[in-house]
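Read the figures in this text as sums done on the coordinates, not as results from a lab. Keep in mind the model is a prediction, meaning the values are calculated, not measured. Using ideal geometry, Cβ is built from the backbone for each residue, glycine included, and neighbour counts are taken over all protein chains shown.
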């Protein structure tokens, strides 16, 4: 889904809905708002009390000639109120930041749970750079929204009203000036906000494109270098980066201009109040205490409104990112989970059957059409066929990473659609075409399917998967950190680790997708025997273009454009 779709009148509606959803989706956000409102009231009371006392002290010293001892009690109270105001402001900001951290953590968890549990096999149409940018930079940008913008919005709603109610007791003319000029600031904030919202979305789109493009280039850096295309791609990065720079500068220009307008309006409002007070004081129609109180409170009325305009720009990135995050979370699960799942069947004792299975990836032609397949308990079935024929798709359906368009998948007569997908996946040991090595020790990577595997079991799997030479070459052996940020591994080493994981697994169903890819012939022969040992007491489906891993299979099936059929021995 593109982030940069045209959003005109509906954009503000969508932003408001996103704000409401952020508040609804997190209990922490609601608690944070309650605390913020309470501290906002406290600040409003302390602001009024501080201005009133300060006016009395100044008037007492300069008009009534009070001595230090006369005003000392007022000064003590003024100091207490000032300290209290500082503590309230600190608590106000701390509550916002604490709430923001909790909300960000909750939102990241929801996003990761949705991607990992609900859509693990349906991310082909997503841009990895876009998802990474949303999960990291996007969620981080929400800190400004929760820690600054929402608290400031509370202050902007409470303080001006409280100040107006207090000022009208002293001078209705000044209160009228404040009541007229304050809404002008709000109106300009709304107009500027609408323009800022559009520019921010464009800027977020550019940043998402830049992140996606850069991540793709980093992933394919070796291929680009080998084909002498690295220089040409640097130009595209420069172009996308320049677009992002222009959008960023445009958003900053709007932010600076809006700050200028808001400051100008606030300055004019304070000047009008000061003029009205000066005229009334000169004419003897107002006491100095009242005039000073109103004059001290006038800037306090505009201050929250001005800061709200500044914080709106800081929170705009977070709102654009939140919309994208909710777009991802709202996508339906790739596989439905039943409300009342039935007990998971055991593929070690019952056959796994695909009956009339058809499947088509979104926006593409049908990959599988009316496929029937049955895996008997303890049987090893080889699956061969041309690339793109649907072999990996068939494995994904067996793994319940995707839902068939038509047909049913059963185990012992139990429809797997009525089984919790997570429970079913625990019955399977899977070696994909491109295994992932996680940032952990080699031992932890080997124990991925079976965390409780003993050291002796790990040692046996290492020997069977021909990993002894790799382990011996590592500085800390099995305790060496591998994966991102650790020891780099070759494609063949990665494949052997994935096979060792499957060997360590106690799952009764084994699915191997090109298990000897990236291996030389000698190692392939070694691992073919290990694969047969691993599949000896299990139901196994082995997908391969090479003959060695499937030489001892009980049956060999061919999947191509004509469907699924058994291969006749030559």
Exercise. Going by how many other beta carbons lie within 10 Å of each one, how would you line up 337, 258, fewest first?
Worked result: 337, 258
Problem set entry | Mean separation of Cα contacts under 8 Å, 6 or more apart, over the residue count of region 352-566: relative contact order % | 30
Exercise. How would you order 386-394, 74-82 from highest to lowest mean count of nearby Cβ atoms within 10 Å?
Worked result: 386-394, 74-82
For this session: Take 37, 154, 45 and order them by how many other Cβ atoms sit within 10 Å, fewest up front.
Result: 37, 45, 154
Seminar exercise, completed: Residue separation between residue 282 and residue 58 times 0.36 nm, minus their alpha-carbon distance, gives in nm 78.9 nm
Problem set entry | Rg [Å, one decimal], Dmax [Å, integer] - region 452-538, C-alpha atoms | 12.8, 37
For this session: Take the Cα atoms of region 352-566, find their three principal axes, and give me the spread along each one in whole Å, biggest first.
Result: 52, 36, 36
Seminar exercise, completed: Between residue 414 and residue 242, Cβ-based FRET efficiency (R0 60 Å, step 0.05) works out to 0.55
Problem set entry | Cα Rg, Dmax (largest Cα-Cα span) when computed across region 519-565, Å | 11.9, 34
Exercise. How high is the FRET efficiency from residue 545 to residue 34, r the C-beta distance, R0 60 Å, rounded to 0.05?
Worked result: 0.45
Exercise. Taking the Cβ-Cβ separation of residue 336 and residue 80 as r and a Förster radius of 45 Å, what is the calculated FRET efficiency to the nearest 0.05?
Worked result: 0.15
Problem set entry | Span from the region 148-165 Cα centroid across to the region 420-437 one, whole angstrom | 53
For this session: Taking the Cβ of each residue in 543, 34 as the centre, tally the other Cβ atoms inside 10 Å and list the residues starting with the fewest.
Result: 34, 543
For this session: For region 238-291 and region 327-372, write down the distance between their C-alpha centroids in whole Å.
Result: 60
Seminar exercise, completed: Once residue 355 and residue 422 are pulled to full extension, the length gained, defined as 0.36 nm per residue separation minus their Cα-Cα distance, is 21.9 nm
For this session: Would you calculate the separation in nanometres between label points at residue 114 and residue 387, each defined as 7 Å from the Cα along the Cα-to-beta-carbon direction?
Result: 3.4
Problem set entry | Residue-span extension gain [residue 105 to residue 187] - 0.36 nm each, minus C-alpha spacing | 26.1 nm
